[in-house]
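Written below as structure tokens is the structure these notes are about.
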Amino acid sequence: MHRKPLAMATAVAVVLALACAASAQAAAPELHCTATAQANCVITTVGGMYGNGSDNHEFVFGEGAGVTTRVKCRFKMAEMKDGARFEATAPKTTTTVDLKPSYFGCVNAGVKVNVEPNGCFYRLHLVAASNPPTAEVDIVCPPGKATEFTSILECTITVPAQLGLKHIILSNLGSEPTFTELNITLAGISYSVANSIACPAALKGNAFADGKYTGTSLLSGYEDEGLDGSGNPIEGPHVGLHVF
């Protein structure tokens with residue numbers, strides 16, 4: 001006779017538990033740095049010389065116009081630099097991280113290409129309920145700036161700021177201190193080609209939205225020990241970097 005309140009309380013508890021479970025399932029994966037001394041951690045790529053693929057990044061332009069231009073950035077042994085390097089300072093737990101890129105050893109059909117980010121960077125947003133953990137990407141640039149790909153023949157391809165590119169898959173690699181691997185497969189990148197005699201006739205002076213960017217990089221976490229005299233983050237002891 002007096003069991004109804006108990007039954008109702010039980011039903012409410014079940015509903016709340018289910019709601020909490022649904023909320024947890026819908027939450028975005030998080031990037032966790034096991035730094036202990038500071039609020040933030042420094043994130044950088046581990047070099048391609050270790051065989052993790054960060055020496056093999058490729059941008060593709062002009063496919064839709066039938067003139068495919070591939071810019072490949074590879075590890076440069078003479079300078080001991082990766083084809084691609086990313087740097088960030090981020091909270092120890094976050095669903096968004098800004099990766100500042102640098103590119104080295106880039107060529108198109110054997111011709112050197114200078115890739116200049118001009119202050120542009122990749123803003124990764126981890127997607128709610130994604131499994132495996134997946135990030136959509138914004139290209140963020142200072143006002144009036146864009147990433148420029150310029151060959152020694154003086155043909156320039158310009159990639160401006162843009163939102164919601166898909167996608168990058170993140171995964172954990174190794175035992176503690178763990179690394180986080182990025183598998184980059186961005187498509188639908190908007191870009192424009194200079195109106196120059198050095199550029200292919202089918203591309204020059206036009207804008208497109210069929211660019212692609214693929215590559216793999218391994219990210220490592222470090223204690224944040226402030227900035228050096230040039231304003232660059234100082235890497236402290238190596239710590240784990242996880243996504244889950």
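The values are calculated or read from the model by the stated rules, or taken from the named source; none is laboratory data. This is a predicted model, so every value here is computed, not measured. Note that each Cβ is placed from the backbone with ideal geometry, even for glycine, and that neighbours are counted across all protein chains shown. Note: areas computed on protein heavy atoms with side chains; ligands, DNA, RNA excluded. Shrake-Rupley method; radii C 1.70, N 1.55, O 1.52, S 1.80 Å.
Numbers below:
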| read-out | value |
| --- | --- |
| Residue under evaluation Glu176, criteria (1) under 30 Å from Pro237 (Cβ atoms); (2) open to solvent by less than 40 Å² (accessible area, probe 1.4 Å); (3) not hydroxyl-bearing (Ser, Thr, Tyr); (4) not in a strand (DSSP E or B), criterion not met | (2) |
| Subset of the range 207-217 (residues that are out of contact with any Leu (no Cβ under 9 Å at 6 or more places or on another chain), touching a residue at least 24 places away in the same chain (Cβ under 8 Å) and either charged (D, E, K, R) or loosely packed, with under 14 Cβ neighbours inside 10 Å (or both)) | Asp210 |
| Residue satisfying condition, being under 19 Å from the mean Cα position of the chain (by Cα) and within 23 Å of Leu241 (Cβ to Cβ), within set Tyr191, Tyr213 | Tyr213 |
| Filter result for Ala198 (of a type in the set (Gly, Ala, Ser), assigned to a strand (DSSP E or B) and surrounded by fewer than 17 Cβ atoms within 10 Å (Cβ to Cβ)) | no |
| Test: Thr34 is among the hydroxyl-bearing types (Ser, Thr, Tyr), at pLDDT 65 or above, more than 30 Å from Phe149 (Cα to Cα) and over 18 Å from the mean Cα position of the chain (by Cα) | yes |
| Residue match in the range 85-104 (condition: outside any strand (DSSP E or B) and open to solvent by less than 30 Å² (accessible area, probe 1.4 Å)) | no |
| Tabulated pairs, the range 27-46, first touching a residue at least 24 places away in the same chain (Cβ under 8 Å), second open to solvent by 10 Å² or more (accessible area, probe 1.4 Å) and of a type in the set (Ser, Thr, Tyr), C-beta under 6 angstrom, 6+ apart or interchain | Ala28/Thr95; Glu30/Thr93; Glu30/Thr95; Leu31/Thr94; His32/Thr93; Asn40/Thr89; Val42/Thr89; Val42/Tyr222 |
